[in-house]
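S.K.: The structure is given below, and queries will be raised subsequently.
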C-alpha cells in the first residue's frame, strides 16, 4: 500500500530497567552457548508495571511529542503478543481511557493480535483508516508486553536466538510529522500457523506454560514435513514482504539507509536477515536491540525512535521497518525521515 500525505508525528517508548544477560547465565537461567551465539548484552524487565500501563505511558509521551490533542485521534489500536494482565478484558480500552478519555469518545479502541508483527500491522490498518476519510486527523498505535513467569520463561520459552524483554511503545500517525510514511504492506502464510501451536490440544482456559521449542519440534515432525523447507518458506515470506513494500514506495533495497528488524540474537540476525538480503550489520539497529531483547511487537517502534532521537537516521534517510509475527505474517513499512523529532530525551 502506497501512503500519500501520512506521517509519523510522534514516537515514544517506555522501557523498564535492563537486566544483565551474563548474570542470567551465571544464575543458570540462560544457556551459555545461546548467550555466546546471541550476544545479547541485556534485556529490559518490568517489575511492577503491567503492559497496558507501559503502553499508556508511551502513548502520552508520543502524543505530547506530536503536539496532537487527544480529541484529534480518530482511532486507537493496541497490539500485543502475550498476556496483558487480566483475562477476558480488552487492553485497548484501558489505554484509550488512560490516554484519550472523553476526548476520544468517537475514536474506536481495538486490540490487534498479529503477535510480534502487531504494531506494524496496526500501523497499516491506521494508515488505511486515515486514507479512507481525509477529515480524520490522527491515529494512535500502541503496543506493550511483559514476558513474566511462570507462564513464560523469557530466556528459554522460544527457540535459541530469541530472548524476550518487556516494555511498551507508541506511534502517532497524522497529516504531518518528522517521518513520512511511504508504504506499508503485509504478506501472510497461514500454512505455518501450527509452528507456534504444535500438537497441543485446545484448552478450555489459559494457564499452560509456553514452550515454543516443543511446539515447533512437533510441527516440524508432523505437518511441517508436508511443507518442504520451513526455513526457506519463512525467508520467502520475508523477502516478498520487503519487495512489495519497496515496490509500492518506488524504492530499491539500496535506497534504504537503515533497517529495523526484530531484536533477535546476532547469529539469527546475520543468517536469517542480513545474509539473505545482502545487508551489512552496521545498517541495522543491532547495537540497540542487543540491550533490550525482543520486546514483542515494540521492536520496530523502539528501534526507529532510537535512530531518530540519536541522530543516526537524519533528514532524507529512508528506514525500512520489518516485523514478523507467528501465524505467519510479515509486515513492513518504509519511512523517510524529514526532520528530527521534538521532545527528545
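S.K.: Please tell me if residue 90 is in the same structural domain as residue 139 (by TED's automatic domain parsing), without any contact (Cβ under 8 Å) to a residue 24 or more places away in the chain and either surrounded by 15 or more Cβ atoms within 10 Å (Cβ to Cβ) or closer than 23 Å to residue 7 by Cα (or both).
M.R.: Criteria met by residue 90.
S.K.: Quick one: which of 66, 132 is surrounded by fewer than 20 Cβ atoms within 10 Å (Cβ to Cβ), over 20 Å from the mean Cα position of the chain (by Cα) and outside the structural domain of residue 205 (by TED's automatic domain parsing)?
M.R.: 132
S.K.: Within region 135-152, count every residue that is at pLDDT below 95 and either surrounded by 24 or more Cβ atoms within 10 Å (Cβ to Cβ) or in contact with a strand residue (DSSP E or B) (Cβ under 9 Å, 6 or more places away or on another chain) (or both). Can you show your working first?
M.R.: Step one: filter region 135-152 for residues at pLDDT below 95, giving 148-152.
Remaining after also requiring either surrounded by 24 or more Cβ atoms within 10 Å (Cβ to Cβ) or in contact with a strand residue (DSSP E or B) (Cβ under 9 Å, 6 or more places away or on another chain) (or both): 152.
Counting residues in region 135-152 that are at pLDDT below 95 and either surrounded by 24 or more Cβ atoms within 10 Å (Cβ to Cβ) or in contact with a strand residue (DSSP E or B) (Cβ under 9 Å, 6 or more places away or on another chain) (or both) gives 1.
S.K.: Can you list the strands (runs of 3 or more DSSP E) lying wholly within region 83-179 that have 3 or more residues being closer than 16 Å to residue 325 by Cβ?
M.R.: Numbers: elements: 109-112, 138-145, 167-174.
It comes to 138-145.
S.K.: In contact with a helix residue (DSSP H, G or I) (Cβ under 7 Å, 6 or more places away or on another chain), over 23 Å from residue 56 (Cα atoms) and without any contact (Cβ under 8 Å) to a residue 24 or more places away in the chain: which single residue out of 286, 330 fits that description?
M.R.: Checking each option against the conditions leaves just 286.
S.K.: Only residues that are touching a helix residue (DSSP H, G or I) at 6+ places or on another chain (Cβ under 8 Å) and without any contact (Cβ under 8 Å) to a residue 40 or more places away in the chain: list them for region 194-206, please.
M.R.: Filtering region 194-206 down to residues touching a helix residue (DSSP H, G or I) at 6+ places or on another chain (Cβ under 8 Å) leaves 194-200.
194, 197, 198, 199, 200 - these are the residues of region 194-206 that are touching a helix residue (DSSP H, G or I) at 6+ places or on another chain (Cβ under 8 Å) and without any contact (Cβ under 8 Å) to a residue 40 or more places away in the chain.
S.K.: Suppose we keep only residues that are surrounded by fewer than 18 Cβ atoms within 10 Å (Cβ to Cβ) and in contact with a helix residue (DSSP H, G or I) (Cβ under 7 Å, 6 or more places away or on another chain) within region 70-87. Which one would you say is farthest from residue 285 (Cα to Cα)? Give the steps one after another, and end with the answer.
M.R.: Taking region 70-87 as the starting set, the residues that turn out to be surrounded by fewer than 18 Cβ atoms within 10 Å (Cβ to Cβ) are 71, 85-87.
When the remaining residues are screened for being in contact with a helix residue (DSSP H, G or I) (Cβ under 7 Å, 6 or more places away or on another chain), the result is 71, 85.
On the way: 71: 34, 85: 30 Å.
Checked region 70-87; the qualifying residue farthest from residue 285 (Cα to Cα) is 71.
S.K.: Which ones in region 251-269 are without any contact (Cβ under 8 Å) to a residue 24 or more places away in the chain and surrounded by fewer than 17 Cβ atoms within 10 Å (Cβ to Cβ)? Even if it seems obvious, please write down each step before you answer.
M.R.: Let us first name the residues in region 251-269 that are without any contact (Cβ under 8 Å) to a residue 24 or more places away in the chain, namely 252, 254, 269.
Scanning region 251-269 gives 252, 254.
S.K.: Consider residue 126 carefully, then state whether it is out of contact with any helix residue (DSSP H, G or I) (no Cβ under 9 Å at 6 or more places or on another chain) and either outside the structural domain of residue 15 (by TED's automatic domain parsing) or buried (at least 24 other Cβ atoms within 10 Å of the Cβ) (or both).
M.R.: The answer is yes for residue 126.
Listed here are the residues, each with its yes/no results for (1) more than 28 Å from residue 31 (Cβ to Cβ); (2) more than 19 Å from the chain's Cα centre (by Cα); (3) in contact (Cβ under 8 Å) with a residue 60 or more places away in the chain.
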site	(1), (2), (3)
156	no, yes, yes
165	no, no, yes
178	yes, yes, yes
184	yes, no, yes
192	no, yes, yes
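S.K.: Mind checking which residues of region 34-57 are outside any loop (DSSP other than H, G, I, E, B) and either within 16 Å of residue 85 (Cβ to Cβ) or free of Cβ contacts under 8 Å to residues at least 24 places away in the same chain (or both)?
M.R.: 35, 36, 51, 52, 53, 54, 55, 56, 57
S.K.: Here is a further query. Among the residues of region 20-33, write down those that are out of contact with any strand residue (DSSP E or B) (no Cβ under 6 Å at 6 or more places or on another chain) and not in a loop (DSSP other than H, G, I, E, B).
M.R.: Within region 20-33, 22, 23, 24, 25, 26, 32, 33 meet the criteria.
S.K.: Mind listing just one residue for me: the one in region 192-214 that is part of a helix (DSSP H, G or I) and at pLDDT 90 or above and, of those, farthest from residue 245 (Cα to Cα)? Show your work before the answer.
M.R.: If we filter region 192-214 for residues that are part of a helix (DSSP H, G or I), which is where we start, we get 192-196, 212-214.
After this cut, where a residue has to be at pLDDT 90 or above as well, the list is 192-194, 214.
Working: 192: 22, 193: 23, 194: 26, 214: 33 Å.
My answer is 214.
S.K.: To continue, here is another question. Can you tell me which of 37, 21, 46 is over 27 Å from residue 128 (Cβ atoms) and surrounded by fewer than 18 Cβ atoms within 10 Å (Cβ to Cβ)? Quick ask: steps written out before the conclusion?
M.R.: Working: 21 fails: surrounded by fewer than 18 Cβ atoms within 10 Å (Cβ to Cβ); 46 fails: surrounded by fewer than 18 Cβ atoms within 10 Å (Cβ to Cβ).
Sole residue among the options that is over 27 Å from residue 128 (Cβ atoms) and surrounded by fewer than 18 Cβ atoms within 10 Å (Cβ to Cβ): 37.
S.K.: Consider residue 127 carefully, then state whether it is under 18 Å from residue 51 (Cβ atoms) and at pLDDT 95 or above.
M.R.: Judged against the criteria, residue 127 is not a match.
The values are calculated or read from the model by the stated rules, or taken from the named source; none is laboratory data. All values reported here derive from a predicted model rather than from experimental measurement. We place every Cβ from the backbone using ideal geometry, glycine too, and count neighbours over all the protein chains shown.
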